[in-house]
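Have a look at the structure below, then the notes.
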Amino acid sequence: MPKACDLQINIDGQQIFLLKEKVISKYCGGLKKILNNRKRRCHVKQELGIRINDFPGGPEGFELVSMFCYNDGKIQITEANVCLLYCCAVYLGMTEKVLNNNLLQQTETFLQGIFNWKWNDILVILQSCQQFYTYADGYGLLEKIISVLAKFVQNSDSNLLMSSPSASSSSSSPETNSDKSFSFSSKKTTPEKIKSTLSRKAWWFDDLATLPPNIIEKLIQAIGAYKADNKDLILTRFLLHYLKIATQTRAVNCRNNNEYAALAETATYGVISVGRITFSCRGLFWVLRIVSKFGLSRDVRTELEKLIGGVIEQATLDDLLVSGHDMGVYYDIDLVIRLVRLCVDINGADDGMCLQKLKRVGRLIDKYLREISPDQNLKISKFLGVAECLPDSARDCYDGVYKAIDIYLQSHPIITFEERSRLCRCLNYTKLSFEASKDMAKNPRIPPRVAMQALISQQSKVPTIDYVAETPRVKPSQIYKEKTRNSYTQERKDMELNMDKMQWGVIELANLHKEMNGHVSKLFLLDPARTSSSPRFC
């Protein structure tokens with residue numbers, strides 16, 4: 001009496017199936033060929049055993065095949081299992097050459113209706129392919145399914161761009177979109193209309209966000225918008241949405257994940273293609289924060305930074321505070337330096353408009369310097385790199401730079417005297433206010449030589465002490481009391497105010513000179529050798 005089961009099949013070392021060789025060989029041409037070869041090599045009759053590694057879907061996939069074989073070639077095919085059955089059929093050679101209406105033929109017939117499937121059915125199929133992605137991709141199944149998905153997405157893009165912001169929400173559902181023809185409208189879209197659609201999210205954004213990156217990458221390839229070919233605004237918005245969710249919800253090492261890197265590069269090319277027409281300065285910084293986490297190539301990153309550098313005068317301090325990853329520095333200092341240098345290159349002309357842009361950047365950078373100065377890991381070279389990346393014409397006043405230097409010195413009390421002097425080299429003393437120069441003279445953290453240079457630069461802005469002695473001690477208002485013409489009233493008031501300010505400024509400067517002479521004299525007493533080469537105050 002023959003054994004009930006004469007064949008053992010070990011699937012991936014996880015499960016052993018006891019089967020009848022005659023039943024399985026009737027449908028599986030691949031297994032039949034293997035078993036015949038085994039029989040020719042082994043003349044002794046014994047129970048045959050086969051181990052199959054990396055089977056599509058593992059034991060679950062082979063169990064479906066066994067059910068098909070033991071049910072006289074019949075099995076219920078659904079959207080959830082059609083891809084797995086198709087891959088198993090190809091893998092085991094279950095073709096028409098072996099038997100009519102075999103499993104491969106049945107799955108192909110079922111897949112012919114894919115263009116009439118609903119959106120959710122397509123998502124279910126794609127998600128099911130993850131367990132046997134290599135086979136689904138190699139057998140051309142993914143390409144067929146994704147081409148249908150691409151039609152949905154392209155049709156959605158067209159409807160979203162052509163519809164007005166007040167359009168009915170019925171145009172943003174998968175049911176209504178699936179009934180429409182897959183074609184683009186020829187109507188012209190203006191930048192204003194494009195901007196109005198950006199705040200609205202396409203209905204398929206969150207649905208596709210559940211798919212893995214390798215599926216998304218094939219989708220954008222099917223659409224024809226991969227990497228540098230990406231000119232699709234809605235697809236770009238989706239990719240940014242997808243990458244943002246990936247950083248928040250998925251445990252992935254983005255910098256070492258090439259799958260996400262391709263998507264980040266594609267999104268960046270899309271941003272570059274539309275540029276400032278669509279994205280504000282803050283929006284561009286938002287994009288940079290997202291895509292930088294996935295490791296962009298140098299060329300793509302440079303193009304994005306050029307885009308930001310051209311509008312950095314519109315940035316705020318919060319925009320510049322991008323997290324850093326270099327030597328423990330809290331903020332990305334090198335990024336800001338690159339952006340400002342790009343801004344200088346773009347606005348290098350001497351016309352008034354470019355100069356005003358640079359001055360706005362100068363005020364912004366002074367705020368940035370004060371923000372980063374307390375960082376204990378900030379090196380002097382980095383501080384100077386930020387302070388000196390702008391030309392001197394970009395600042396009307398250097399008081400902001402001085403305040404940043406003072407904060408840095410308070411936060412780094414152990415730096416040497418030479419380093420303090422080096423830090424102050426970025427100051428233009430002639431553009432310091434009188435109050436800032438006076439504060440420098442009294443500041444124990446500022447080297448005395450630097451303080452003296454600041455005071456000397458202030459000396460040329462006001463009259464000398466001799467002029468004060470010659471000035472009559474009469475109130476300026478008394479000089480003009482005899483003049484009563486109404487046409488000169490405003491001019492007299494301005495002159496009186498300026499003369500009062502000048503007198504008080506000269507007196508205060510004289511007192512400060514005396515104080516500094518006393519301070520310098522104490523230094524000379526400590527070091528008599530310096531008396532011959534030191535400058536003298538009047």
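The values are calculated or read from the model by the stated rules, or taken from the named source; none is laboratory data. Quick caveat: nothing in here was measured; it's all calculated off a predicted structure. No Cβ is skipped: glycine too gets one built from the backbone with ideal geometry, and neighbour counts run over all protein chains shown. The accessibility values were calculated without ligands, DNA or RNA, using every heavy atom of the protein model including side chains. Shrake-Rupley method; radii C 1.70, N 1.55, O 1.52, S 1.80 Å.
When all protein chains stay in place and ligands, DNA and RNA are ignored, the 1.4 Å accessible-area order of GLU303, GLU21, GLU79, largest first, is GLU303, GLU79, GLU21.
The heavy atoms of LYS244 present about 80 square angstrom of accessible area, all protein chains included, probe 1.4 Å.
Extending 7 Å from the Cα toward the beta-carbon at both LYS22 and ASN377 defines two label points whose distance is 7.4 nm. Here the simple spin-label model places points 7 Å from the Cα toward Cβ, and for TRP117 and LEU48 these points are separated by 3.4 nm. Taking all protein chains together and rolling a 1.4 Å probe, THR210 ends up with roughly 80 Å² accessible.
In terms of distances greater than 18 angstrom between alpha carbons, the cross-link table entries LYS382/LYS431; LYS33/LYS74; LYS151/LYS218; LYS26/LYS97 yield LYS382/LYS431; LYS33/LYS74. In the complete set of protein chains, residue-level accessible area for TYR398 is approximately 10 Å², probe 1.4 angstrom.
Computed 3J(HN,Hα) for the range 312-318, one whole-Hz value per residue from the Karplus formula 6.51 cos²θ - 1.76 cosθ + 1.60 where θ = phi - 60°, is 5, 5, 8, 6, 10, 4, 4, glycine and proline marked x. Whose amide H sits under 5 Å from the amide H of LEU48, counting only residues 5 or more places off or on another chain, with H placed in the peptide plane? For LEU48, whose amide H was placed from the backbone, the distant partners under 5 Å are GLN8.
Using Stokes-Einstein with the Kirkwood hydrodynamic radius over Cα pairs, what translational diffusion coefficient do you get for the range 1-96 at 20 °C and a viscosity of 1.002 mPa s, in µm²/s rounded to a whole number?
On the way: Rh = 13.9 Å.
Estimated via Stokes-Einstein, D reaches 154 µm²/s.
The separation of the range 332-386 from the range 400-446, counted between C-alpha centres, amounts to 18 Å.
If R₀ is 22 angstrom, what is the calculated FRET efficiency for the pair THR430 and GLN410, using the beta carbon separation as r and rounding to 0.05? Approximately 0.30, to the nearest 0.05. Note on LYS97 and ASN258: the model spin-label points, each 7 Å out from Cα along the C-beta direction, lie 3.4 nm apart. Report the gain in length on full extension from SER280 to LEU384: 0.36 nm times residue separation, minus Cα-Cα distance, nm rounded to one decimal. Net length gain for the segment: 34.5 nm. For the set ILE414, ILE50, the ranking by accessible area, highest first and with no ligand, DNA or RNA atoms included, is ILE414, ILE50 under a 1.4 Å probe. Ranking THR95, THR236 from most to least accessible surface, computed with a 1.4 Å probe over the protein chains only, gives THR95, THR236. Scalar couplings 3J(HN,Hα) for the range 20-34, obtained by applying the Karplus form with A = 6.51, B = -1.76, C = 1.60 to θ = phi - 60°, are 8, 4, 5, 5, 5, 5, 5, 10, 9, x, x, 5, 4, 5, 5 Hz; x denotes Gly and Pro.
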